[in-house]
Amino acid sequence: MGKGGWVYIMTNSRHTVLYVGVTSNLIGRVKQHRSGFYKGSFTARYRVNKLVYYNLYDSIEVAIAEEKRLKGGSRKQKIKLIESMNPQWDDLFIKEVAKWI
């Protein structure tokens, strides 16, 4: 078993776009999204830079399976998941994750 993995959901300022991702380094990955590090990427084009949901799994394999499950689900299901953790749609990177640095 390798190290754990994070599943996260990000959105744009108007909450019109939802992006589901997986990573072993949540802080680094969110920083990449926020800076537009990959210029032609989906998240850069649609200005997806607000972390609204995250969850840590024991293994990256389990996290990848959960990411695939979420990506296959409806927008309504994703919104329900976000609001179960973050009903105000706060930017959790600013509110919580940046404090880990």
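The values are calculated or read from the model by the stated rules, or taken from the named source; none is laboratory data. Note that the structure is predicted; figures quoted are calculated from it, not measured. Don't worry about glycine lacking a Cβ; one is built from the backbone with ideal geometry, like all the others, and counts go over all protein chains shown. Remember, those area values only see protein heavy atoms, side chains included, never the ligands or the DNA or RNA. Shrake-Rupley method; radii C 1.70, N 1.55, O 1.52, S 1.80 Å.
Within segment 73-81, is even one residue among the hydroxyl-bearing types (Ser, Thr, Tyr) and not in a loop (DSSP other than H, G, I, E, B)? There is no residue in segment 73-81 that is among the hydroxyl-bearing types (Ser, Thr, Tyr) and not in a loop (DSSP other than H, G, I, E, B). Can you work out which of the residues in segment 67-85 that are of a type outside the set (Asp, Glu) and under 11 Å from TYR19 (Cα atoms) is surrounded by the fewest Cβ atoms within 10 Å (Cβ to Cβ)? This residue is ARG75.
Residues that are open to solvent by 50 Å² or more (accessible area, probe 1.4 Å), among the polar types (S, T, N, Q), farther than 14 Å from LEU18 by Cβ and part of a helix (DSSP H, G or I) do not occur anywhere in segment 86-101. The set of residues in segment 18-35 that are open to solvent by 20 Å² or more (accessible area, probe 1.4 Å) and either over 19 Å from LYS68 (Cβ atoms) or hydrophobic (A, V, I, L, M, F, W, C) (or both) comprises LEU18, VAL22, ASN25, ILE27, GLY28, LYS31, GLN32, ARG34, SER35.
Would you tally the residues in segment 36-66 being open to solvent by 50 Å² or more (accessible area, probe 1.4 Å) and part of a strand (DSSP E or B)?
Taking segment 36-66 and keeping what is open to solvent by 50 Å² or more (accessible area, probe 1.4 Å), we get 37-40, 42, 45-47, 49, 55-56, 58, 61-62, 64-65.
Going one step further and asking which of them are part of a strand (DSSP E or B), we end up with 55-56.
So the count comes out to 2.
Every residue in segment 14-35 that is outside any helix (DSSP H, G or I) and more than 14 Å from the chain's Cα centre (by Cα), please.
Keep residues of segment 14-35 that are outside any helix (DSSP H, G or I), which gives 14-25.
Those that are outside any helix (DSSP H, G or I) and more than 14 Å from the chain's Cα centre (by Cα): ARG14, THR16.
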